[in-house]
Amino acid sequence: MTKAEAPSLRPGPQLGLQANWGQFALLVAINGFVGAMVGLERAIVPLIAAADFGLASKSAALSFLITFGITKALANLMAGRLCDRLGRKPILVIGWLIGVPVPLLIISAPSWNWVVFANVFLGINQGLCWSTTVIMKMDLVGSKRRGLAMGLNESAGYLAVSLSALLAGYLAATYGLRPAPFYPGVVFALLGLLGSVFLVHDTRAHARLEAQRVRHAAPHALPFAEVFRLVSWKDSTLFSLSQAGMINNLNDAMVWGLVPIILSVTGLPLKQIGAIAAVYPGVWGVGQLATGALSDRWGRKGMIVAGMWVQAVAIALFAVGRTFWPWMAGAVLLGVGTALVYPTLLAAVSDVAHPHWRATAVGVYRLWRDGGYAIGAALSGALADMYGNATTIWVVVALTFLSGIVVLAGMRPRLPDQR
């Protein structure tokens with residue numbers, strides 16, 4: 001038998017969590033480092049604006065979130081398209097290379113503009129790396145356990161956000177707002193980069209295998225412009241999902257950027273502010289271990305609608321609360337509501353999109369979802385400067401509740417194909 005005729009020693013791609021558990025677990029860990037990078041900022045950066053650089057304007061203090069949201073949204077869009085064209089692994093590695101300078105820029109920042117610039121890099125890092133790990137997990141598991149896969153992915157990311165925020169809050173309370181809270185970021189970035197370069201394998205072949213098995217009729221390829229139209233407004237289900245994702249991150253931007261400032265003004269100690277900032281993504285992260293898998297059984301629509309309405313109630317507690325415990329209850333409840341929504345939205349987008357253009361569809365969805373950070377930061381800062389913090393919170397409550405109504409009216413419920 002010639003060398004050319006010899007059978008390959010490497011098996012072809014197989015779909016399913018059991019067949020790909022090693023790579024899946026590795027990607028869960030990689031996404032944990034992605035989440036840890038952004039977790040360092042959750043409680044600290046809004047306070048640095050006032051303490052280190054004397055910014056009194058809420059709009060100026062939240063400017064870092066506007067740049068973060070815009071760059072992350074655009075990076076999501078590019079990640080989806082580039083993953084379809086070039087493969088998954090190269091995009092993941094590029095994202096980590098861009099993330100390495102982020103903690104170093106914040107540590108050495110002589111002016112607020114440096115912090116804003118660092119968040120351009122962070123937005124690109126988050127968009128490329130988080131989108132790519134999402135797409136790769138979808139590739140590996142196929143559709144039967146897609147909700148579970150998204151729950152595990154988002155759980156790892158947001159548990160890391162929580163633990164990283166808690167660590168940053170402790171370091172800030174003990175050693176000051178800079179530089180100590182950002183030293184762990186250097187370690188997170190290097191571990192994510194090295195793991196992506198040396199351990200991660202590309203998964204585009206798995207997506208091609210799934211495309212061969214797809215049951216529902218759909219074109220095998222669509223132009224980018226057509227996918228953009230479908231996800232943004234043309235398909236009522238995808239539109240409903242995109243607006244819900246955007247409003248979810250709009251309210252997250254308000255909680256991330258404005259709530260630490262509000263709590264600080266009340267005299268709440270930094271450790272308690274850090275605890276509130278950590279509990280919200282912590283509950284969000286743990287909850288997704290259950291909600292992602294449950295959406296595979298129960299369907300997506302009801303969980304998304306319920307999650308948006310729970311978020312609205314939770315955010316209202318930040319307006320009516322006057323002490324630590326009501327605010328902590330709001331953080332816990334907000335984590336529950338977001339856990340219901342976050343992995344379910346991603347899985348629902350994947351249910352509708354054909355595997356050949358799924359990565360692009362996910363990128364467009366994440367463009368709108370993470371564009372919510374920029375819109376939320378700009379809106380929250382402007383409203384807080386003009387009308388005060390309480391009015392800002394109630395406007396965000398109303399938008400979140402209305403978003404649930406849009407999903408209720410526009411989304412066509414659908415369980416994933418069991419292929």
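The values are calculated or read from the model by the stated rules, or taken from the named source; none is laboratory data. If you're wondering where the values come from, they're calculated on a predicted model, not measured in any experiment. Cβ coordinates were reconstructed from backbone atoms using ideal geometry, including for glycine residues, and neighbour counts include every protein chain displayed. Protein only, heavy atoms only, side chains kept; ligands, DNA and RNA dropped before computing areas. Shrake-Rupley method; radii C 1.70, N 1.55, O 1.52, S 1.80 Å.
Data for the structure
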read-out	value
Inter-label distance for residue 322 and residue 111, nm, one decimal - labels placed 7 Å from Cα along Cα-to-Cβ	4.3
Which of 384, 334, 363, positive extreme of dipole for region 306-415 (C-beta unit charges)	363
Positive dipole terminus of the chain, leading residue within 79, 318, 159 (C-beta point charges)	79
Expected 222 nm ellipticity per residue - DSSP helices of 4 or more, -39500 (n - 2.57), all of the chain, to 500	-26000 deg cm²/dmol
Sulfur and carbon atoms: percent of accessible area, the chain [1.4 Å]	70
Estimated distance in nm for a label pair at residue 201 and residue 14, the labels positioned 7 Å out from Cα along Cα-to-Cβ	1.1
Sites residue 234 and residue 208, calculated FRET efficiency, Cβ-Cβ separation with R0 30 Å, nearest 0.05	0.70
Unit charges at the beta carbon, dipole of the chain: most positive-side option, 60, 15, 397	15
Size of electric dipole in region 287-419: Cβ of Lys, Arg +1 and of Asp, Glu -1, about Cα centre, debye, nearest 20	340
Burial ranking of peptide ranges 198-204, 310-316 (average Cβ count within 10 Å, highest at the top)	310-316, 198-204
Gaussian network model of the chain, springs between alpha carbon atoms under 10 Å - residue of 155, 264, 236 with greatest fluctuation	264
Label-point gap, in nm, between residue 271 and residue 52 - each point 7 angstrom along Cα→Cβ	2.3
Point-charge dipole on Cβ atoms (K/R +1, D/E -1) for the chain, about Cα centre, debye to 20	920
